[in-house]
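First up is the structure itself, then whatever we jot down about it.
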Amino acid sequence: MNTLILRTVAPVLTALMLLFSVFVLLRGHNEPGGGFIGGLIAASALAIYGIAFGVSAVRRAIRFHPMAIAGAGLLLAALSGLISIFAGVPFMTGLWIYPEVLGVEVPVATVMSFDIGVYLVVVGAITSIALALEQEESEPADAIGEQPPVRVKRPRKPAHKPKERG
């Protein structure tokens with residue numbers, strides 16, 4: 001489905017969906033939303049972009065392999081939980097610090113870093129699945145450790161055996 005209308009609307013729609021996904025991510029701390037639903041919205045935006053322009057265009061746009069994004073999110077989410085252990089409280093307990101940025105006190109919480117980690121895991125995993133489903137057979141595989149199939153040409157056997165001279 002590569003229509004002119006889709007190719008025209010897809011970049012704008014993708015940008016709006018990505019912006020909305022960040023809004024849902026940040027809003028989810030105090031109201032419904034959060035990293036999971038924000039990540040699904042972002043992955044849907046990338047899938048729409050992929051339908052319009054192809055898998056290679058999405059891979060160029062995100063710059064990192066989707067599973068690397070998911071791995072970074074998993075690491076961030078795990079570190080958010082481990083920080084509480086080092087502070088002497090139970091695992092995954094929310095902790096806050098209040099640094100001053102340009103004279104304004106800004107609350108920073110491990111809860112938010114955990115939500116960002118979940119967001120990255122969902123974006124990476126779902127985008128990886130969507131790209132695998134959208135990828136055509138003619139496009140090379142781009143996953144970590146995965147290579148496109150190689151066709152080996154074998155020499156043909158002669159139709160008859162040559163006579164031995166002796």
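What follows draws every value from the coordinates through simple rules; no lab data is involved. Quick caveat: nothing in here was measured; it's all calculated off a predicted structure. Heads up, the Cβs are rebuilt from the backbone with ideal geometry, glycines too, and the neighbour counts pull from every protein chain shown.
Descriptive notes on the structure:
- Sparse packing (at most 13 other Cβ atoms within 10 Å of the Cβ) combined with a DSSP loop state is found for the following trypsin sites (Lys or Arg not before Pro) in the range 23-83: 63.
- Where labels lie 7 Å past Cα in the beta-carbon direction, separation of residue 36 and residue 68 in nm: 2.9 nm
- Estimated distance in nm for a label pair at residue 15 and residue 92, the labels positioned 7 Å out from Cα along Cα-to-Cβ: 3.8 nm
- In Hz, Karplus ³J(HN,Hα) per residue of the range 96-103 (6.51, -1.76, 1.60; θ = phi - 60°; x = Gly, Pro): 10, 10, 10, x, 9, 10, 6, x
- Protection proxy ranking for 87-95, 108-116, 7-15, using the average of other Cβ atoms within 10 Å per residue and placing the highest first: 108-116, 7-15, 87-95.
- Other residues with beta-carbon under 14 Å from the beta-carbon of residue 35 carry, at +1 per Lys or Arg and -1 per Asp or Glu, a net charge of -1.
- Within the range 4-134: Cβ-based charge dipole about Cα centre, in debye rounded to nearest 20 (Lys, Arg +1; Asp, Glu -1): 500 debye
- DSSP-assigned coil residues among GluC sites (Glu not before Pro) in the range 65-140, each with at most 10 further Cβ atoms within 10 Å: 136, 137
- Relative contact order of the range 7-92, pairs being alpha-carbon contacts under 8 Å that are 6 or more residues apart, as %: 21 percent
- Label zone of residue 136 (point 7 Å out along Cα→Cβ, amide N under 16 Å): in the range 1-28 this covers 1-4, 7.
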